[in-house]
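Worksheet: one structure, shown below.
The values are calculated or read from the model by the stated rules, or taken from the named source; none is laboratory data. What you are looking at is a predicted structure, and each value in this text was computed from that prediction instead of being measured. Virtual Cβ from ideal backbone geometry, glycine too; neighbours counted across all protein chains shown.
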Amino acid sequence: MVDRDIGLEILEGIQEIKAYKSGKIDLKTRELKTPSWAKQPFVEESGRDFAQRVLDKKYVSTSPSTSSGYVTAVKTTPKQ
């Protein structure tokens with residue numbers, strides 16, 4: 001574990017903000033996105049419903065050709 005000096009980090013942050021406000025430096029901004037693996041269930045959604053929703057979104061075809069919205073198994077024969 002790395003020892004951090006939180007007080008020093010706060011002071012450096014304050015100095016950086018003052019330098020930005022006086023026009024001496026430009027701050028870099030970054031947008032953080034939630035990773036795809038960090039999905040969470042909705043409020044009051046059971047674990048089973050959550051799993052079904054996630055798997056349906058990933059694997060179920062939503063094309064108009066399937067009326068029920070579920071993928072049907074199709075038997076294929078290998079080409080000769």
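What the table shows:
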quantity: Selection count where residues are surrounded by 10 or more Cβ atoms within 10 Å (Cβ to Cβ), modelled with pLDDT under 85 and not basic (Lys, Arg), scope region 19-55; calculated: 2
quantity: Single unsatisfied condition, ARG4 versus (1) among the basic types (Lys, Arg); (2) part of a loop (DSSP other than H, G, I, E, B); (3) modelled with pLDDT under 85; calculated: (3)
